[in-house]
Structures are given as C-alpha cells and as structure tokens.
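The values are calculated or read from the model by the stated rules, or taken from the named source; none is laboratory data. Remember, it's a predicted structure, so these values are computed and weren't measured experimentally. As a convention, Cβ positions derive from the backbone with ideal geometry for all residues, glycine included, and neighbour counts pool all protein chains shown.
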Amino acid sequence: MKKKIMVIGAGGIGSFLIPLLDRVKEYHINVWDDDIVEKKNLSYQDYYANDVGKHKTDVMAERYGSVYSHPYRVLTKQQLKGYDLIICCVDNLELRRLLYLVDTEKIKWLDLRAQARNGLLISFQENPDNFAILTNGPDGNFSCQGDEWDKSNAGVHFTHVAIAGMGAQWVQRYFAGDKTHTHLRLSI
C-alpha cells in the first residue's frame, strides 16, 4: 500500500525531492505551496521557462503521476493530519514552529533546510529539547541560496539539491523500517 506524504514547499528543495519520491512509485505525494514559478526561480529550482506564471504545485502534478496539487499555504495543525509523513521544504520559521509543536506520536515529520553552502535534515525523532533552538530566529522567508547570493548563475549553490537527495534517502529508509538519523548536517 502506498504511503501518503505531504510535501510542504515546491521550491529549491521540494522541486528536486518530488521527482525522486515519484520515481520509486511508493507514495501518494500531496504538494502544498501557494507560490507561482517566477523567472528568478529557473536557475536553482527544477522549473523551465514554459512553467513561469504557473503554480509550482500544478507543474509538479502535471509532470509526475503520483503528485496531487494543493496550491495553498499551510496555516493550521488541522491541515497536517492524515499523512504518513510530512516533509517540510519551506524557507520560513513560522511554519516550522507549527510543525515542531505537533504530537509526534500522531504526526511524523521531516524538516529539510538549505542555505547557501549549508544544509540540515531534522526528523521528528530529534530530541524535543532542541526544538526551541531549531525554530529560533527572525520570521520571514530565507532563500536556499543564502544572503550573499548575487543572483547570478555563476553564484548558484546546489546544497539544496544534496539535501533533497538526503531527504529522499531518509524517507526510503524510514518506510523500509531501517534505522534513520535524527538529524544530518551538510556543509560544503
């Protein structure tokens, strides 16, 4: 029986994670993101010029048979119910705070982060004493390219692609019943 996964965010990390999960045909992938593909996304997200102006979730659903589009923002705990796993690929702490407050006996999650040359994978298995540290910081959105990115193609970082691959591997191992890490850090 296919597992039901919620992917929140179809940008820098999510747009590379989704095809990996779709490829193995083991999951019903529900993608939530209210963002639209913009020209500026083309150099570091898995989108093409003909996708500009479309909802990111709709593009993913058109490309991949196991993807269901939800072009909306996740705002409440109620939206997180009914999934075997939630994967957070967004770039803001407000949603992460919501996710980290759920009952991990009922809702399982994986948080994937990237910023410039650094990446982080954190699972619901992490020590809850660390959650305050992991959700501390200013509100707002942060690009996976980092603050110093000059918006040039030459300056693009690909740590987000590595984190997407690590996340897909974690998901595969988790559902196979193998031991999985509570967190992984990547710095290139």
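Quick check: anything in segment 105-120 more than 25 Å from PHE158 (Cα to Cα), at pLDDT 90 or above and buried (at least 18 other Cβ atoms within 10 Å of the Cβ)? Yes: segment 105-120 contains one or more residues that are more than 25 Å from PHE158 (Cα to Cα), at pLDDT 90 or above and buried (at least 18 other Cβ atoms within 10 Å of the Cβ). I'd like the full set of residues that are under 20 Å from CYS88 (Cβ atoms), outside any strand (DSSP E or B) and in contact with a Ser or Thr (Cβ under 7 Å, 6 or more places away or on another chain), limited to segment 1-40. Within segment 1-40, ALA10, ASP22, ASP33 meet the criteria. Among residues of segment 174-188 that are closer than 13 Å to PHE124 by Cα and in a strand (DSSP E or B), those with a beta-carbon under 8 Å from a residue that is modelled with pLDDT of 95 or more and of a type in the set (S, T, N, Q) at least six positions away or on a different chain give the pairs HIS183/SER123. Inspect segment 73-89 for any residue being exposed (fewer than 15 other Cβ atoms within 10 Å of the Cβ), at pLDDT below 95 and among the small types (Gly, Ala, Ser) and give the result as yes or no. The answer is no; no qualifying residue exists. When you look at SER43, is it of a type in the set (Gly, Ala, Ser), over 18 Å from MET166 (Cβ atoms), touching a helix residue (DSSP H, G or I) at 6+ places or on another chain (Cβ under 8 Å) and not in a strand (DSSP E or B), yes or no? Judged against the criteria, SER43 is a match.
Residues of segment 9-34 being hydrophobic (A, V, I, L, M, F, W, C) and within 22 Å of ARG117 (Cα to Cα), which ones? Within segment 9-34, ALA10, ILE13, PHE16, LEU17, ILE18, LEU20 meet the criteria. Picking from residues in segment 152-181 that are among the hydroxyl-bearing types (Ser, Thr, Tyr) and modelled with pLDDT of 95 or more, the one that is surrounded by the most Cβ atoms within 10 Å (Cβ to Cβ) is TYR174.
Restricting attention to segment 121-151, the residues that are at pLDDT below 70 and surrounded by 13 or more Cβ atoms within 10 Å (Cβ to Cβ) total 6. Across segment 20-44, the qualifying residues are those that are farther than 15 Å from LYS4 by Cα and surrounded by 22 or more Cβ atoms within 10 Å (Cβ to Cβ), and the one among them that is modelled with the lowest pLDDT is TYR44.
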